[in-house]
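The values are calculated or read from the model by the stated rules, or taken from the named source; none is laboratory data. Just so it is clear, the model here is predicted, and its values are computed rather than measured. Methodologically, a virtual Cβ is constructed for each residue, glycine included, from the backbone with ideal geometry; neighbour enumeration extends over all protein chains shown. Protein only, heavy atoms only, side chains kept; ligands, DNA and RNA dropped before computing areas. Shrake-Rupley method; radii C 1.70, N 1.55, O 1.52, S 1.80 Å.
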Amino acid sequence: MSLAPTSCFLGTFLVLLLCSNIQALDLPKDSQLFPPSFIEQPPKMYVVYPNDDIVLKCEAKENSRATYMWEKNGVPLDRNDTKVIRKQDSGTLTISNSNGNMKEFQGTYRCFASNELGTAMSNEVRVIVEGMPKWQKDDIQPIVAEEGDAVELPCFPPKSAVPPRIFWMNSTLLHIIQDSRVTMGINGKLYFANVKLSDHHPDYICHAQFVRARTIVQKEPIELKVIPSNSVKYRVPKMMMPVGSSTSYVALRGNTLQLECISEGLPTPENEWIAITGFMDPKRFHLDEYKKTLHIEDVQEEDDGEYECIARNTNGEVRHKYTVKVESAPYWINRPKKEVRGPGEDVKFTCEVEGKPKPHITWMMNSKPLLAENLLPNIKMDGENLIMYNLRTSDTAVVQCEAGNKHGHILVNVYISVVELAPEIKTPDRMNYSAVENTNVFVHCKVFGAPTPVVYWYDKDMSSVVRKDNSEILTNGSMEISDVTSEDEGMYYCTASNSQGNMTISAYLDVRNATQIISPPDNQRVRKGGKATFECIPLFDSRMENKIVEWMKDGMEIIEDDDDDKDLPEPPSYLELSDPQDTSVILTWIPGQENNSPIDEFIIEFEEDRFEPGTWHELIRVEGNQNTVKLNLSPYVNYQFRVIAVNELGLSNGSEPSDRIRTPVAAPTRNPNDVRGEGTEPTNMRITWKHMRGIDWNGPGFEYIVRWRRQNQEDWMETVVTENFLYVENTKTFVPYEIKVQSKNELGKGPEPKVVIGYSGEDIPNVIPENIGLEAFNDSVIKVAWLPVQKEGLNGRLKGFVVQYIAQNEKHRNKLIVHGDSTHASISGLKPFTNYSVTVHVLNGKGEGAGSETQTIRTEEGVPSPPTSLRVERLSDTSLALFWGPPEHPNGIITGYKISHHLVSKDHTDSFLLQTINDPSQQNWTFYNMSSKDTYKFYVYAKNSARESLPVEIEGSTMKELEFPPILNISLSRTSKCITIRWSPLDGQRNVELKVQMRNTSSDHWQQYYVNASEAVFNIVELQPEENYLVRLLALNHTNFQQIWETRSTALPSALPKNGFATQGWFIGLISAIVLLLLILVIICFIKRSKGGKYSVKDKEDTQVDSEARPMKDETFGEYRSLESDNDEKPFTSSQPSLNGDVKPLGSDDSLADYGGSVDVQFNEDGSFIGQYSGKKEKEAAGGHDSSGATSPVNPNIAID
């Protein structure tokens, strides 16, 4: 909760804003028109690729009812251009890409929104039109290096306004693994600090991914040849990137700066980064895995300075210094705000910006620059301030402030609205006010108008209240009456007047007797964290309707805050230590912001650098209204402190640490806690205690003095140890000992310790429980009881008893542990009507002793399981017999069976008919006079003296069993709109009911039809041509339909018209002529080819293999898609075989790569290849007569949607 002054008046009215020179006037919500104000603007840069439309958004608030105009390169955009689409009542501009050529629309655009009150203008947006990225064709020569040399593989990706993402792969689309030896620089080059023989590969390929263009292009493969060397020499590190000993960078505030440090040498150098000036904040300064790049996120002015990278190996080191100069594009410190004023008033706009270099500020009005030489007389422009004096309604306008430097521009649109309005009183008329005698009361009159209305107040006699000594009219229009009496009661009138008119309201003041507190709250004293309850009994005026009791603390009203406005407190600051003593010091601090939730307490923590350096421990807590405390310290500790604030939401961050204070040494002032004596064996005792913290040692040479003796004996045994345990050997079983543990150091001993009683080790109990009694409680529970045991023979502390029980004919013995000295227990979860054997054992800390004499009992009878093996046997057309077996689990003595049955019908179930069999040996029953046309369901129950079982059930009938299925020879035929099913019914089953079901395979809905088996045929009509259908037959088997046949069928396509052109003679002749001509051309090409090349194709292929003719395997697509997640990539290691060495080339020297910088291979949205290749289309893809195989596309532009 927060506190607010009771005297604070929250009604700040619009008339006060008009009367003040520093507050703005807010127009009422029902005003009709506002100057334009943007809610959506275009970005500052917009990049367009082939097949993209240009969409530049520009929207103003609806209440401005603006019209829009666009400029391109400072010239109004042609509204008649059919490619430019504008929506009605919207400024958004869409330029459609009809032919793929958008170059004519490249340029700088700006949107203007206007109405009769002014013009607002948007940011400038630079539209850049780029083609699909393509790599220039280069003559790539193999790079040859000796083993151990440094190597640099070049990569110069196509230039773009949006830099691409660079990565290196081989021809099988496996990524080149990077580590401390192999690194890709920011420029895309691949650097080897020293090459190994395993780096020898013919296909290092640089890829560039243009995300906005959804395209990946790749450079021609680079072959790296590594020559073995017998004299590989270690060498001192040398910088590869950047070169030289120092580099300067200009970083922009808020951006991310990357400083790279790539060196070569043998062994591979390791990097270290240091800040020569300043501090590397770990929240914003990050190194990559191998410390090759330092990333500075969200660059700030304090990052300006020098940094250094040191690359070292066993032969030496090399250093590179980075000088970072932080500059900034313009950013707002105080941006101007919209203003509403009345005529005759003044207004001041402030445009405060920062940047480096210092930004230049330009003021504009309605998008037109304001120049000092042509300003209106009532306008003054002073750097970052624009002042307008003695405003008129014609001064309503939109004001722009634009700030820029070499790094960018920022723009803001605000408006000044000058209005003339007749007075309007927002306070409701005829309001009633109640006040208590001798208090102050405010009678409100909220006024709006322009020019500012003058407010007058009159009493019930129409006399001006300014004549009364206790009345005052406030600047916001309200009236304050001080120390009201019964004479002030009555009607009052408020009149507001300006040049546009006047308005009057009335208000009634009701003066009540003062409220009295009959029983005030009493003082409370509660424990910290406890609850305090205060009671207050008031006496109100009898006319009071809303009786309110308000509570205050320290003169402030207590208000329960909205939790959304609360937050954790800010940490305290400025910690200061004073009055240091040997074991105390005074700590003071300044509390941080409460953040709308009072501070409940402060936590003072300490850290010391001798025993647990870097670990903070809580020392003390104090009330939230304190900011100083005397801290009690321990000797021989080097302290520093921090303070944490606590409110109802939680803890603040810790404050900055205080200075350190070191306390002098002293003898120990306390002894260890939790001293115990417990045996681990029957003949020993282990004395333990809680290890004392280092801050309690008070000095060097800390040890423990341990003394012990048998209880009530005179001689003490003593030894000194440094650990927190001691074993005493050769003791008797479970006997008491007196124990004392005292601390000591080089300056003396601690205080005399207290005596603690411990015991030597326990042994297995010798005593056995006696007089075991058992009682069967029900079919699953038995009760066990026994006599208490004597202490002699316990051989330790009595932990309880173990009740062991086992069912007859079972091997597993169960246990129930009874804790304490209880002498009875209940065993549950037992089987009904089963014999159980029970023993009871004594349990101490060592284990359980021998068991008592075994007692046996049988649980009571329970519910039997259902009868088994129920079957029905037909005897005749009117009789049948049931046969069954006894229950698997009788759970008692079976006394007989019960039988019931009912008629099964599709529509209803007849009443039950019950039969009882009292002879348990009779396990059959015969039914007579049964209907031969119906089916029955039978239920058989087993019973014992306890209760009945659940039934076992079966269906049966006296009907003669018929063959199933009832039809044979099922066949199917189809047309474009019909499926016909035929069958042959069996003799005697012609009246069996069949069900035909059919559904389209693209649907889950079954259509079904009923048919009699005697019909032998059924047609399914109104099908869709060439659609797949699932068809099945079901037959009625007694009471249920069972499936007997299923197939999948496709409706035939619709037949072509009989008089189609394909049947015309002229069409057949034309097709025949074309086929004949093609056949002749094929024969001529075959003859010319056989007389062609005069050299061996195989020899040429063995001599030179086109580096770009590589197989594109199906699985490589999956590898390419893994570009989005490097975690799933398969590495390209030195063991990967080279394509040039092990794979037979599929192309010739004259490959597709010779006809373009890249070959375009695109993917559909589902990830499949479209298979379109770009390049010089007039060239023969097969490579002319020199080719002996199909050319495989390489250098693919892979389009990613």
Completion exercise
With +1 on the Cβ of every Lys and Arg and -1 on the Cβ of every Asp and Glu, the dipole magnitude of region 788-903 about its Cα centre, in debye rounded to the nearest 20, is 360
Practice task
Mind jotting down the distance between the C-alpha centroids of region 72-105 and region 696-723, whole Å?
Solution key: 94
Practice task
State the Kirkwood hydrodynamic radius of region 148-230 in Å, one decimal place, computed from all pairs of distinct Cα atoms.
Solution key: 13.5
Problem - Ile140/Leu1081 FRET efficiency (R0 60 Å; Cβ-Cβ; nearest 0.05) - result: 0.95
Fill in the blank from the handout: On the formula 1/(1 + (r/R0)^6), with r taken between the Cβ atoms of Lys233 and Asn73 and R0 of 60 Å, the FRET efficiency rounded to 0.05 is 0.45
Exercise for the section: Whole number in Å², please: accessible area per residue of region 434-568, 1.4 Å probe, ligands, DNA and RNA not counted. Expected result: 65
Fill in the blank from the handout: Note: Ser976 to Asp567 extended length (0.36 nm per residue) minus current alpha-carbon separation gives 139.9 nm
Fill in the blank from the handout: To the nearest 20 debye, region 327-393 has a Cα-centred charge dipole, built from +1 on Lys and Arg Cβ and -1 on Asp and Glu Cβ, of 200
Problem - Label-point gap, in nm, between Ala667 and Val55 - each point 7 angstrom along Cα→Cβ - result: 8.6
Problem - Gain on full stretching of the segment that runs from Glu770 to Lys358 - 0.36 nm per residue minus C-alpha separation - result: 138.3 nm
Practice task
Classify region 359-452 as rounded, prolate or oblate, taking a ≥ b ≥ c as the square roots of the eigenvalues of its Cα gyration tensor: rounded when a/c is under 1.5, otherwise prolate if a/b is larger than b/c and oblate if not.
Solution key: prolate
Problem - Carbon + sulfur, % of accessible area of region 556-605 - ligands and nucleic acids excluded, 1.4 Å - result: 41
Exercise for the section: Give, in whole angstrom and from largest to smallest, the semi-axes √(5λ) of the equivalent ellipsoid of region 305-401, with λ running over the eigenvalues of the Cα gyration tensor. Expected result: 51, 12, 9
Handout entry: Dipole magnitude (debye, nearest 20) for region 546-611, charges at Cβ of Lys, Arg, Asp, Glu
Key = 280
Fill in the blank from the handout: Result for region 346-423: accessible area per residue, probe 1.4 angstrom, in square angstrom, of 47
Exercise for the section: Hand me the GluC sites (Glu not before Pro) from region 647-720 located in a DSSP loop with no more than 16 other Cβ atoms within 10 Å, in residue order please. Expected result: Glu648, Glu714
Problem - Nearest-10 value in Å² for the accessible area of His444, using the 1.4 Å probe - result: 40
Practice task
Please arrange Arg430, Arg693, Arg1032 by accessible surface area, largest first, computed with a 1.4 Å probe and ligands excluded.
Solution key: Arg430, Arg693, Arg1032
Exercise for the section: Round to the nearest 10 and report in Å² the accessible area of Asp600, as given by a 1.4 Å probe over the protein chains' heavy atoms. Expected result: 80
Problem - region 454-559: trypsin sites (Lys or Arg not before Pro) in DSSP coil with no more than 10 other Cβ atoms inside 10 Å - result: Arg525, Arg527, Lys528, Lys531, Arg543, Lys547
Problem - Violating pairs (Cα-Cα greater than 22 angstrom) within the set Lys61/Lys83; Lys44/Lys103; Lys83/Lys103 - result: Lys61/Lys83
Problem - Heavy-atom SASA rank of Asp541, Asp674 (probe 1.4 Å, accessible area, largest first) - result: Asp674, Asp541
Problem - Neighbour net charge for Gln1008 - beta-carbon separation under 10 angstrom, K R +1, D E -1 - result: +3
Practice task
Can you send over the carbon and sulfur percentage of the accessible area for region 623-778, probe radius 1.4 Å, protein chains only?
Solution key: 43
Practice task
Give Lys380/Lys406; Lys87/Lys356; Lys238/Lys406; Lys291/Lys566 a once-over and call out the pairs whose C-alpha atoms are over 31 Å from each other.
Solution key: Lys87/Lys356; Lys238/Lys406; Lys291/Lys566
Handout entry: Sparse-neighbourhood loop sites, chymotrypsin sites (Phe, Trp or Tyr not before Pro) in region 306-409 - DSSP loop, at most 16 other Cβ within 10 angstrom
Key = Tyr389
Exercise for the section: Return the distance in nm (one decimal) between the two label points of a simple spin-label model at Asp522 and Glu1046, each offset 7 Å from Cα along Cα→Cβ. Expected result: 8.4
Handout entry: Per residue, the convex hull volume that the Cα atoms of region 210-358 enclose (Å³)
Key = 205
Handout entry: C-alpha center-to-center spacing [region 113-170, region 180-238] in angstrom
Key = 20
Completion exercise
Simple SL model, points at 7 angstrom along Cα→Cβ for Trp332 and Lys291; separation in nm is 4.4
